[in-house]
Amino acid sequence: MKKALFGGQDEDYGPCACGKFRATVPIAIPESWDDASEEMQMLESNNFPFAMGYDYRRIFGPVSDGGGYLLNFSSCHDCCKRAVEMGLAEEVEDVGVSSNCLIESILNKVGEKLFG
Ligand SMILES: [Zn+2]
């Protein structure tokens, strides 16, 4: 079981999947969380769309330190707390991504699409 990490400067990217709050928490999602993973199946069986808010399909690039994570902004603070209670997430001071790094990774992705 690899935990998602969350924490750092909030950004507003649209409603959380719970529908109660805006999704604002920077979350580092482990790349190993694919549809078949234990973590995703646990979320599914609890009917809990953690980190699947409005903007979840937009991934903001890899987290700069401690590789193996992708950055996502699609969960509210309450859902992050629930994920902690389920043993699926852990709060950290900052997931380790500066806004410059974000912009750079978005540009890199756009570049890859345009120029292969
Ligand atoms: Zn929520």
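Bear in mind these aren't lab numbers, they're just calculated from the coordinates by the rules spelled out. Small disclaimer: the values here were computed from a predicted structure and weren't measured. Glycine gets a Cβ as well: all are built from the backbone with ideal geometry, and neighbour counts include every protein chain shown.
May I ask you to list pairs of residues, at least six apart or on different chains, whose Cβ atoms are under 9 Å apart, with the first in the range 27-51 being on the phi > 0 side of the Ramachandran plot and surrounded by 13 or more Cβ atoms within 10 Å (Cβ to Cβ) and the second being among the polar types (S, T, N, Q) and in a loop (DSSP other than H, G, I, E, B)?
Within 9 Å, the pairs are A51/S74; A51/S75.
Name the residues in the range 24-56 that are within 18 Å of G68 (Cβ to Cβ) and over 14 Å from the mean Cα position of the chain (by Cα), would you?
Hits for the range 24-56 are D35, A36, S37, E38.
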